[in-house]
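Written below as structure tokens is the structure these notes are about.
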């Protein structure tokens with residue numbers, strides 16, 4: 001199981017859409033993933049260390065070094081397959097690089 | 001159109017604003033929403049703070065070059081007392097940072113302000129907005145963005161969203 005942490009400013013809309021899209025699409029592609037959606041301000045070092053991949057909307061400074069791979073997922077929010085595809089491809093490459 | 005989507009808009013909360021900046025527009029709309037009991041006293045401050053740190057401008061030219069940019073301002077459910085989308089037509093477009101590329105800016109001329117007091121709600125209002133923009137006929141959508149009366153904006157959304 002690959003654990004992904006999606007995040008946005010309010011934690012009620014954008015990050016939930018990314019969570020739903022990643023879980024649906026990546027499972028269709030044969031990956032076992034679980035994605036949680038949170039507010040950026042609630043993320044701390046201890047929390048993020050429990051995940052394999054960080055999936056913010058755009059490059060986000062958390063105020064500390066992020067030791068896990070980061071995949072910006074903002075284009076998914078457009079709900080246009082051609083825009084989301086590069087994100088899914090990057091996510092697949094990242095999952096493979098985890099060697100889990 | 002279904003009952004859930006209809007319930008996302010109300011005639012009394014469609015606005016046409018002529019503010020010069022997003023701060024001015026947020027202040028005007030937040031005051032009216034507070035007066036209707038739809039948001040808390042802290043809503044405006046949190047909306048402004050969130051927009052500064054986590055911008056919501058969306059460049060629609062990637063859908064079609066003829067469409068104007070929009071923004072989907074929203075903040076945490078704790079500052080909101082309802083589940084509704086607030087359409088706001090801007091007389092003058094104003095600058096927002098791009099949601100997915102915050103170092104870039106967009107000139108937004110329409111806002112879909114999201115009020116969501118149910119953080120665990122499965123239905124995703126942002127997804128609904130994007131599907132509306134992607135799936136509505138382009139000519140109709142262009143006409144929609146040119147509407148200048150609250151009742152016409154509400155009528156379009158109530159029938160097409």
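The values are calculated or read from the model by the stated rules, or taken from the named source; none is laboratory data. In this text the structure is predicted, and so the values were computed from the model without any measurement. Every residue, glycine among them, receives a Cβ derived from its backbone with ideal geometry; neighbour counts consider all protein chains shown.
Per-structure values
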quantity	calculated
Enumeration of residues in the stretch B:89-105 that are within 13 Å of chain A (Cβ to nearest Cβ) and either under 14 Å from the mean Cα position of the chain (by Cα) or under 18 Å from residue B:74 (Cβ atoms) (or both)	B:97, B:98, B:99, B:100, B:102
Only one of A:31, A:88 that is more than 13 Å from every other protein chain (Cβ to nearest Cβ) and over 19 Å from residue B:62 (Cβ atoms)	A:31
Within the stretch B:128-142, tally of residues that are within 17 Å of the chain's Cα centre (by Cα) and assigned to a helix (DSSP H, G or I)	9
Which numbered condition residue A:73 misses (of (1) surrounded by 16 or more Cβ atoms within 10 Å (Cβ to Cβ); (2) more than 10 Å from chain B (Cβ to nearest Cβ); (3) at pLDDT 95 or above)	(2)
Tally, over the stretch A:24-42, of residues that are at pLDDT 95 or above and surrounded by 17 or more Cβ atoms within 10 Å (Cβ to Cβ)	5
Members of the stretch B:68-107 found to be touching a residue at least 60 places away in the same chain (Cβ under 8 Å), farther than 17 Å from residue B:128 by Cβ and buried (at least 19 other Cβ atoms within 10 Å of the Cβ), listed by number	B:89, B:90, B:94, B:96
All positions within the stretch B:22-64 that are under 30 Å from residue B:139 (Cα atoms) and either surrounded by fewer than 16 Cβ atoms within 10 Å (Cβ to Cβ) or within 10 Å of another protein chain (Cβ to nearest Cβ) (or both)	B:55, B:56, B:58, B:59, B:60, B:61, B:62, B:63, B:64
Every residue from the stretch A:43-68 that is surrounded by fewer than 18 Cβ atoms within 10 Å (Cβ to Cβ), under 21 Å from residue B:101 (Cβ atoms) and more than 14 Å from every other protein chain (Cβ to nearest Cβ)	A:66
Residue tally, condition outside any strand (DSSP E or B) and in contact with a strand residue (DSSP E or B) (Cβ under 6 Å, 6 or more places away or on another chain), over the stretch B:39-76	7
